[in-house]
Amino acid sequence: MAALPDAYRQPLDRAREHSLEWLASLPTRQVRPQRTADQVAEHFSIPLPDGPTDPAAVVDELAGFAEPGLMAMPSGRFYGWVIGGTLPAALASDWLVSAWDQNTALRYASPATAAIEQVAGDWILDLLGLPATADVGFTTGGTVANFVGLAAGRKAVLDAVGWDLDSNGLTGGPRVTVLVGEERHASVDLALRYLGLGSPTTVAADDQGRLITSALTDALASVDGPVIVCLQAGNLHSGAFDPMNETIRVAHEHGAWVHVDGAFGLWAAASPRYRSTLDGIDRADSWATDAHKTLNVPYDCGIAIVAKPSVLRSTFGIHTDYLIHDDARGPGDPWEKVPELSRRARGVPVWAALRSLGRSGTVALVERLVDTAAELAAGLSRVPGIEVLNDVVFTQVCLAFGPDDLTRRVTEQLIADGSVWMSGSHWQGRDILRISVSNWSTDADDIATSIKAVRHAFEVASSA
Ligand SMILES: *Cc1c(COP(=O)(O)O)cnc(C)c1O
């Protein structure tokens, strides 16, 4: 009785209206939010009402109170962190995912969404040139995708030395050494912490943040026992890629499991222009990437890929028979590939994004993001006093404006101005302003506006 269609019509109409208004405001609105979280909370924090409120009125109130506290993250002039916007087909499909409300755990119980995710996974393996037999799991994001790959690795390397992790846990077992580049993403450390593996052993990186192959070779030579090597495709600051071919070869010689964190950079493998930089990456054992970054699907959606399905499924599958399993072992059930049992069909918007872009559109999306980063870097490096600190090889640009305090003032001025958003950060000993290009809609106008905004902030900060 609850699902009477008429009960949904009005609130959904209101949600559609507010969504379209929000999207229409993006080209002209300030990127930064106009209210702090505390200010927004003032509107929302009333005592829990005693009685019910009309659903359409709830949607109106939500949209009205939230609006001034929204950051224009889907704007073409948002370059903070690596966030990405939302492709039209992906957003609309995400609405359907909510309306369908399929608990995408078992192929048997939610055949449609399980099948769609299966196809989306196959397309991703094809696009990225990864083994067609690998398993793909849809996670909340890159952090959990890293967790999945590293969890599978932990299981495999302990299995290889005869340690039964499932029965014994880690206590009393052999120590697992995890080797990571100095500039790996902090989420790798988080995932290792969740896994009880402690702090990783760092391997030296070069001036672009790439792990140095000879340093990895030396590190491997000095470890005994189970080893995981975690490489990076796409450094948050420089965009650079760790060398893959030789590192994966030496790691495997030492019996190590190789995981690649490619949250945004793995998508370079889709482009013939950049694929050679990642040569050999298909020989890794697991890979993590995000769809909510480079692929521009809505939050939240990460992708965990593991070459050997049996390892992944024995890591995350339930080893009891109290729920019905699909008899056909081929594709495996969604819940055997991620930490969640119950979850939304977050892979469906991935299917929609890829279906709408096609192969050529996906490649063009990746290449346009890189070209945009190059154009921003070129335009800004022509301004006397602005330094581009990294080799712009992908979507990331690091800027400095002389001394650290001036760089910090430019960053504050730029964010207050509101026509763009870029992140203040710290890299290779200097305070920086970082540009991350990850929105499909950033166009020539946005590029020109952004260069103007940075120049202006530099002028104001310099004369203060
Ligand atoms: C963003 C990012 C992550 C974490 O991904 P989330 O989706 O934020 O959990 C991991 N590694 C790199 C290189 C990233 O850029």
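Things worth noting here:
- Global geometry of the range 93-353, whether rounded, prolate or oblate, following the gyration tensor of its Cα atoms and the 1.5 cut on a/c: oblate
- Each stretch of four or more DSSP H residues adds -39500 (n - 2.57); spread over every residue of the chain, this sum gives -14000 deg cm²/dmol at 222 nm.
- Prolate/oblate/rounded label for the chain (Cα gyration tensor, a/c 1.5): oblate
- Net charge of neighbours whose Cβ lies under 15 Å from the Cβ of residue 168, counting Lys and Arg as +1 and Asp and Glu as -1: 0
- Charged side chains reduced to their Cβ positions (Lys and Arg at +1, Asp and Glu at -1) give the range 93-353 a dipole of some 180 debye around its Cα centre.
- Counting protein heavy atoms only, the chain has 56 percent of its accessible area on carbon and sulfur, 1.4 angstrom probe.
- Taking the charge dipole of the range 93-353 about its Cα centre, with +1 at Lys and Arg Cβ atoms and -1 at Asp and Glu Cβ atoms, the residue from 272, 350, 223 reaching farthest to the positive side is 350.
- Assigned charges on the beta-carbon of Lys, Arg, Asp, Glu; the chain dipole about Cα centre (debye): 460
- Kyte-Doolittle mean at least -1.0 and Cα axial length at least 24 Å: DSSP H helices in the chain: 111-128, 142-160, 348-381, 444-463
- Along the chain, longest interval not containing exposed trypsin sites (Lys or Arg not before Pro), exposed being DSSP loop plus at most 14 other Cβ atoms within 10 Å: 1-174
- DSSP bridge analysis restricted to the chain gives an antiparallel fraction near 60%, rounded to the nearest 5.
- With both labels modelled 7 Å from their Cα along Cα-to-Cβ, the residue 206 to residue 23 distance reads 4.3 nm.
- Each of residue 360 and residue 98 was given a label point 7 Å from its Cα along the Cα-to-Cβ line. The distance between the two points is 3.5 nm.
- Proximal charge balance of residue 128 [Cβ under 12 Å; K/R count +1, D/E count -1]: -1
- The distance separating the Cα centre of the range 189-258 from that of the range 1-41 comes to 43 Å.
- The range 93-353: antiparallel DSSP beta bridges as a percent of all, rounded to 5: 45
- Solvent-accessible surface of the chain, taken per residue with a 1.4 Å probe and all protein chains present: 44 Å².
- R0 of 22 Å, Cβ-Cβ distance residue 218-residue 160: FRET efficiency to nearest 0.05: 0.45
- Residues of the range 186-210 with amide N under 17 Å of the 7 Å Cα→Cβ point at residue 426: 186-187
The values are calculated or read from the model by the stated rules, or taken from the named source; none is laboratory data. These figures come from a predicted structure and were not determined experimentally. Here the Cβ is made from the backbone with ideal geometry for all residues, glycine too, and neighbour counts use every protein chain on show. Ligands, DNA and RNA are excluded from the accessible area calculation, which covers all protein heavy atoms including side chains. Shrake-Rupley method; radii C 1.70, N 1.55, O 1.52, S 1.80 Å.
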